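Beneath this line is the structure, given in structure tokens, with notes to follow.
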Amino acid sequence: MQTKKMEIKGIKDGLIIKIGSGKWAKQEKDLFERINAQEDFFQGARLALDVENHILKAAKLGALRDKLADSGVRLWAVISNSPTTEKAAQALGMATRLANTAPLPQRPKLSSAKQEKEAVFIRRTIRSGQKIKSSGHIIILGDVNPGAEVIAGGNIVVWGHLRGVAHAGAQGDLNAVVCALRLAPTQLRIAEKISISPPDGESTQPELACLEKGQIVAHSWA
């Protein structure tokens, strides 16, 4: 019988990973190899795990949850066709049903972005002294506080208040953009261009900052 491959997609509440068929030990090993290989992507993620027909008792699920926590991943839900696994997850305080597993909406469409770049999805506030760095895009569901730093090789999207340092296109991508529901960074960089304050002052409207004629400008992000 052919073994199903692991599937990963973003949902409203974080990430969902569908574990493939085959022996559990092998599938668990593959899961952690994937997480370790994409550490930036998974750091701070909320994870729902669809284990299909695998039968996992509470002790095994608890050990898995603790091991994921050591890797910076929070296991909050386990979806299973097995009543034994479902009851074990419930006993550990995990959800066993998802309200909505539809993929995250693709808006905004980021102009001229290189589509092959991977995106790091983070669902938390980035606090002072913390730094998030990725060679791809960075999407943050939360605020970026003053003293925090976000550096991306691609675009930066902040579904919240951006008040720290944001550097998009850090590897020289002049087409990179920075989007935020409230754009008020202490420093904004796109490629090698720097803006110390928002181009037109802080706005209460969502804005998108990009390079135009060698200067950083901000537009309404609607």
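The values are calculated or read from the model by the stated rules, or taken from the named source; none is laboratory data. On a predicted model such as this, the values are computed, not experimentally measured, just so you know. Note: ideal-geometry Cβ built from the backbone for every residue, glycine included; neighbour counts use all protein chains shown.
Structure above, values below:
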| quantity | calculated |
| --- | --- |
| Test: residue in region 100-114 that is assigned to a loop (DSSP other than H, G, I, E, B), farther than 17 Å from residue 45 by Cβ, over 13 Å from the mean Cα position of the chain (by Cα) and modelled with pLDDT of 90 or more | no |
| In region 150-172, residue surrounded by the fewest Cβ atoms within 10 Å (Cβ to Cβ) [restricted to those that are of a type in the set (Gly, Ala, Ser) and over 11 Å from residue 183 (Cβ atoms)] | 172 |
| Residues that are more than 13 Å from residue 38 (Cα to Cα) and either among the hydrophobic types (A, V, I, L, M, F, W, C) or in contact with a helix residue (DSSP H, G or I) (Cβ under 6 Å, 6 or more places away or on another chain) (or both), drawn from region 120-141 | 122, 126, 132, 138, 139, 140, 141 |
| Any helices (runs of 4 or more DSSP H) falling wholly within region 12-83 and containing at least 1 residues that are more than 16 Å from the chain's Cα centre (by Cα) and more than 18 Å from residue 98 (Cβ to Cβ) | 24-37, 58-70 |
| Considering residues of region 13-47 that are out of contact with any Phe, Trp or Tyr (no Cβ under 8 Å at 6 or more places or on another chain) and aromatic (Phe, Trp, Tyr) only, the residue farthest from residue 132 (Cα to Cα) | 24 |
| Residue identified as of a type in the set (Asp, Glu) and within 21 Å of residue 136 (Cβ to Cβ) among 40, 70 | 40 |
| Residue selected from region 187-202 under the condition outside any strand (DSSP E or B) and buried (at least 17 other Cβ atoms within 10 Å of the Cβ), by the criterion modelled with the highest pLDDT | 191 |
| Residue satisfying all of: in region 118-159; of a type in the set (D, E, K, R) and in contact with a His (Cβ under 8 Å, 6 or more places away or on another chain); nearest to residue 41 (Cα to Cα) among these | 118 |
| Where residue 5 falls short, out of the listed (1) at pLDDT below 85; (2) assigned to a helix (DSSP H, G or I) | (2) |
